[in-house]
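What follows is calculated from the coordinates using simple rules that are stated; it is not laboratory data. Just so it is clear, the model here is predicted, and its values are computed rather than measured. Please note: Cβ atoms are built from the backbone with ideal geometry, for glycine as well, and neighbour counts cover all protein chains shown.
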Amino acid sequence: MEKNIEGLWLQFQDKLKAFILSKIPDESVVDDILQDVFIRIHTNIDKLNDDTKIQSWIYQITRNLIADHFRAINKEGRKLPYLFENVEASSDDFMTEALQDMVKMMDDLPPEYCEAICLTELGGMSQKAYAEKIGLSYSGAKSRVQRARLMLKDNLMKCCHYQFDIYGTVIDIHPENCCCCNE
């Protein structure tokens with residue numbers, strides 16, 4: 001595949017927009033993120049050595065920008081109005097609320113654990129790449145990610161009781177200590 005930005009735009013624009021919309025149902029935010037994706041592609045395309053990995057590279061950029069969007073909202077303390085548009089609760093609403101709670105609580109983790117979970121879970125970086133990036137052994141990085149997951153889970157479960165179906169989907173939330181809920 002050639003590194004033609006216009007060709008990449010034509011090939012990926014609709015797919016990326018649909019992907020971003022599946023995570024952020026605000027059309028104006030989606031358009032901003034999509035524009036940022038192609039700015040990053042244009043700026044960094046020369047750094048891509050293997051043209052066969054261009055699609056995964058583009059989706060990685062997109063996932064990173066989506067994660068950046070949620071982190072910025074969390075740091076600014078803004079609400080995500082599009083997450084609460086439906087009054088009627090569904091399992092999708094509960095999953096969205098659980099994810100929003102998780103993002104809020106990530107800043108409460110020690111910085112090295114927050115970084116581990118942000119890069120691997122939200123950023124899509126492999127644990128091996130994360131280990132190389134921070135100069136830690138692979139097993140050490142895996143342990144750090146596992147500890148970060150457990151810390152985050154413990155914080156979430158102290159705040160609310162989450163009820164899951166057999167597939168791990170959140171189907172109900174009952175506030176315990178109300179640290180993250182609006183109730």
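Mind listing just one residue for me: the one in segment 115-141 that is in a helix (DSSP H, G or I) and touching a Leu at 6+ places or on another chain (Cβ under 8 Å) and, of those, nearest to LEU65 (Cα to Cα)? The selected residue is ILE117.
Within segment 35-63, the only residue that satisfies the criterion of being without any contact (Cβ under 8 Å) to a residue 24 or more places away in the chain and surrounded by 14 or more Cβ atoms within 10 Å (Cβ to Cβ) is TRP57.
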